[in-house]
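The values are calculated or read from the model by the stated rules, or taken from the named source; none is laboratory data. In this text, all values refer to a predicted model and were calculated from it rather than measured experimentally. Because the Cβ atoms are built from the backbone with ideal geometry, glycine has one as well, and the counts that use them run over all protein chains shown.
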Amino acid sequence: MSNHEKKVEANHLEIEMSCMKDYNDLTEKDLRIQLAASYRLVEKLGWSFLIFGHLTARVPGSEKNFLINPYGLMYDEICASNLVKINLEGDKVEKSSWDVNPAGFIIHSAVHSSKSNAHCVMHTHTNAGMAMAALKKGLINIDFSGSAFHERVAYHDFEGVTLRKDECKRIADDLGDKSIMILKNHGLLTTGATVAEAFMKLYTLESACQVQLLARACDEEYEFVPGDIAENHAKDLKNAASFKLAFRALVRRMLREDPSFIL
């Protein structure tokens, strides 16, 4: 192995290991790389909706600044260096040739400002997520993934494109003390103390939506998971360490397949 290859390998291992850190131990560089990796993963998994939807993260430090995707780029074009740093009002705080989508950050600012531990917020418009958001009963306890969110899902009524700042309070009020939300007639939202936590919650929620839509298409009664079993299941799966380990594996995969997101 050449010296260059050894340096690349060491750098990739350092990036991997950063996924295991707690939020307060992260640098802005760590956060940028993790968030950029998440955008690439969303694209790879088929969850993107052109240039729309957002994944945001609070920058470590005393200032209330956040990283968000450049408005106009596809998710597979996003990398650590072109993420835009903004404040809670959605204004750029560092020079960038890219703008941000004002409609997108209203949802995120509502969550970031109301929940001190919501360091990362992810919002998608997947087909399965939007279909689930159109169903009156919402998520039910019939599968492994869905039961992980037993009585842990918040709902927010659709108010059209999120352009009005007065919706922020209603979003925050509806979310309450939960970290998962289905935006009715709209899409999915997850929060986490780390990028890893928010992403793995999104992965599990998306899986639950897909499974339940498949089950709804079958001409047979559901086998519901009893409430007490679902509650124990949800508690057992609330493991930040496993979130980090799974996310680290996904980042390792992206480093192997296309490491351009770290630039």
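Tabulated data for the structure shown
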item: Of the criteria (1) within 30 Å of R216 (Cα to Cα); (2) of a type in the set (A, V, I, L, M, F, W, C); (3) in contact with a Cys (Cβ under 8 Å, 6 or more places away or on another chain), which one V121 fails; result: (3)
item: Close pairs from region 80-103: first touching a residue at least 40 places away in the same chain (Cβ under 8 Å) and over 24 Å from T162 (Cα atoms), partner hydrophobic (A, V, I, L, M, F, W, C) and in a loop (DSSP other than H, G, I, E, B), Cβ under 7 Å, at least 6 apart; result: A80/L263; S81/L263
item: Selected residue [outside any loop (DSSP other than H, G, I, E, B), under 20 Å from G146 (Cα atoms) and hydroxyl-bearing (S, T, Y)] from S260, S242; result: S242
item: Which numbered condition A240 misses (of (1) within 21 Å of S109 (Cα to Cα); (2) at pLDDT below 90; (3) under 17 Å from the mean Cα position of the chain (by Cα)); result: (1)
item: Hits in region 150-190 (condition: over 21 Å from S116 (Cβ atoms), of a type in the set (D, E) and free of Cβ contacts under 8 Å to residues at least 60 places away in the same chain); result: D157, E159, D166
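Conditions (1) surrounded by fewer than 16 Cβ atoms within 10 Å (Cβ to Cβ); (2) under 22 Å from G46 (Cα atoms); (3) of a type in the set (G, A, S), marked per residue:
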site	(1), (2), (3)
V211	no, yes, no
E220	yes, no, no
P226	yes, no, no
R253	yes, yes, no
